[in-house]
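Here's the structure, in structure tokens; my notes come after.
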Amino acid sequence: MAVSKRVNNIGVSPTMKVAAKAKELKAQGLNVIDLSVGEPDFPTPDNIKEAAKKAIDANHTRYTINSGIPQLRQAISDYLKKSCKLDYSPNDIIVSSGAKQSIYNTILSVVDPGDEVIIPAPYWVSYPHMVSMAQGESIVIPTTQENNFKITAEQLEKAITPKTKVLIMCNPSNPTGAAYTPEELKSIADVVRKYDMYVISDEIYEQLVYDGFELVSFASFDDEIKAKTITVNGVSKTYAMTGWRIGFTAGPSDVINGINKIQSHSTSNAASISQYAALEALTGPQEAIASMKVEFAKRRNYLHTELNKIDGISCNLAEGAFYLFPNVEGIFGKSYDSVKIENSTDLALYLLNEAQIAVVPGSAFGAEGYLRFSYATSLEILEDAVNRLNKALSKLN
């Protein structure tokens, strides 16, 4: 007997793989600095934790309706209207067990075998694998550091074929932190409106933009674009609630109904207690977001400055999320003892073994020549990481 071809055609998430290796080394007593995982280091705000405790005491511990408790879907509707200028009925919103499940359910709902899904690279590691599990074909559009890792309308139009069904946009981006300006998004929307296709707009980092950057939701341009767009968001990144596993999807009624069917036969509803915690996150005090953003901006600025001081590395200043994506090709070809750095995986492994710093190679995101650094950790730890990085790289020649 053998496992399915579906399983053999996909790999384990590289970010989870690196994180697991980092935890393994920590368990061995090594002081590993983990800059690989995409989650805030801040605790979940107290008011949200208290709401979860009250939900338990009130015995909100049973199944909810598949799409999520009505008051949470209303809160999401209100949030999208206020924060994103998107008008969705609670009936056109579904709550899932994390934004990752939201995206996967959406892909299963709109992609048939043989359909093409356009994915700009660098991309979040799971997009192509999700498309593969839906028996679709990923059409990857490479971007450049010079264009801040963003596709152009011209690139998109050239990639569209009669088989094109979906464009996946991640704005702000994981792994680069780059964000599209309203003008850049509008030019892409003008291409999309010409074709019979959907856009999955992954906006999980929507609140985490810096320096007054104006972020707009893709579906907000007009009703025609809204009808083609499925918006995915959640509470994980904004409210430091990664482990609570609450994501949500808003979109056309037929797509949301399709997601509802799929979810009803897989996980059913998201965790009831987490839903009540998410309700408090969206409707309660919002001061924690501002304080987190101030800290993230400080860390971003520090790490960006320090990375650009290192010979062989160049790094763009990201507009959002909590990642930097430096170009490290200037280090390729160097070696230390028996270790030769030929690619981003070699460099990531060298840094893990030599400096006990865990980062993710750019190849995992479809962009060889780069590393992803998460700055979702304290400034003190980042300073230690930079010192270790400089020491380890100075050994290469």
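If you go through the stretch 19-60 and keep only what is closer than 22 Å to residue 234 by Cβ, in a loop (DSSP other than H, G, I, E, B) and polar (S, T, N, Q), you end up with 36, 44.
Conditions tested, residue by residue: (1) in contact with a Phe, Trp or Tyr (Cβ under 6 Å, 6 or more places away or on another chain); (2) closer than 19 Å to residue 39 by Cα; (3) assigned to a loop (DSSP other than H, G, I, E, B).
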site: 281; (1), (2), (3): yes, yes, no
site: 295; (1), (2), (3): no, yes, no
site: 301; (1), (2), (3): no, yes, no
site: 311; (1), (2), (3): no, no, yes
site: 317; (1), (2), (3): no, no, yes
site: 333; (1), (2), (3): no, no, yes
site: 346; (1), (2), (3): no, no, no
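Criterion applied to 101, 145, 155, 135 was being in a loop (DSSP other than H, G, I, E, B) and over 21 Å from residue 373 (Cβ atoms), and the one residue passing it is 135.
What do you reckon, is residue 128 touching a Ser or Thr at 6+ places or on another chain (Cβ under 9 Å) and either touching a residue at least 60 places away in the same chain (Cβ under 8 Å) or not in a strand (DSSP E or B) (or both)? Yes.
The set of residues in the stretch 148-166 that are polar (S, T, N, Q) and either in contact with a helix residue (DSSP H, G or I) (Cβ under 9 Å, 6 or more places away or on another chain) or more than 18 Å from residue 187 (Cα to Cα) (or both) comprises 152, 161, 164. Test residue 278 against the criterion of being over 23 Å from residue 85 (Cβ atoms), in the same structural domain as residue 124 (by TED's automatic domain parsing) and not polar (S, T, N, Q), and give yes or no. No, not satisfied. Residue check, residue 353 against (1) of a type outside the set (Val, Ile, Thr); (2) modelled with pLDDT of 95 or more; (3) surrounded by fewer than 18 Cβ atoms within 10 Å (Cβ to Cβ), all met but one. Which one? With (1) of a type outside the set (Val, Ile, Thr); (2) modelled with pLDDT of 95 or more; (3) surrounded by fewer than 18 Cβ atoms within 10 Å (Cβ to Cβ) applied to residue 353, the lone miss is (2). Taken together, the criteria exclude residue 98 from residues that are more than 23 Å from residue 179 (Cα to Cα) and of a type outside the set (A, V, I, L, M).
Screening 7, 18, 37 for residues that are exposed (fewer than 13 other Cβ atoms within 10 Å of the Cβ) and either farther than 27 Å from residue 383 by Cβ or not aromatic (Phe, Trp, Tyr) (or both) leaves exactly one candidate, 7. Which members of the stretch 71-95 meet the condition of being farther than 17 Å from residue 253 by Cβ and either touching a strand residue (DSSP E or B) at 6+ places or on another chain (Cβ under 8 Å) or of a type in the set (Ser, Thr, Tyr) (or both)? Result: 72, 79, 83, 84. Condition check for residue 239 on (1) more than 18 Å from residue 102 (Cα to Cα); (2) part of a loop (DSSP other than H, G, I, E, B): one failure, at (1).
Among the listed residues 258, 234, identify the single one that is crowded, with 22+ Cβ neighbours inside 10 Å and either in the same structural domain as residue 177 (by TED's automatic domain parsing) or among the hydrophobic types (A, V, I, L, M, F, W, C) (or both).
Numbers: 258 fails: crowded, with 22+ Cβ neighbours inside 10 Å.
Selected residue: 234, the only one of 258, 234 that is crowded, with 22+ Cβ neighbours inside 10 Å and either in the same structural domain as residue 177 (by TED's automatic domain parsing) or among the hydrophobic types (A, V, I, L, M, F, W, C) (or both).
State yes or no: is residue 247 in contact with a Ser or Thr (Cβ under 6 Å, 6 or more places away or on another chain), surrounded by 23 or more Cβ atoms within 10 Å (Cβ to Cβ) and not aliphatic (A, V, I, L, M)? The answer is yes for residue 247.
For residues that are farther than 21 Å from residue 108 by Cα and either part of a strand (DSSP E or B) or free of Cβ contacts under 8 Å to residues at least 60 places away in the same chain (or both), tally how many sit in the stretch 172-205. Step through it out loud before you land on a result.
Narrowing the stretch 172-205 to residues farther than 21 Å from residue 108 by Cα: 172-191, 193-194, 205.
Now narrow it down to the ones that are either part of a strand (DSSP E or B) or free of Cβ contacts under 8 Å to residues at least 60 places away in the same chain (or both): 180-191, 193-194.
Summing the residues that are farther than 21 Å from residue 108 by Cα and either part of a strand (DSSP E or B) or free of Cβ contacts under 8 Å to residues at least 60 places away in the same chain (or both) in the stretch 172-205 gives 14.
The values are calculated or read from the model by the stated rules, or taken from the named source; none is laboratory data. Please read all numbers here as calculations on a predicted model, not as lab measurements. Note that each Cβ is placed from the backbone with ideal geometry, even for glycine, and that neighbours are counted across all protein chains shown.
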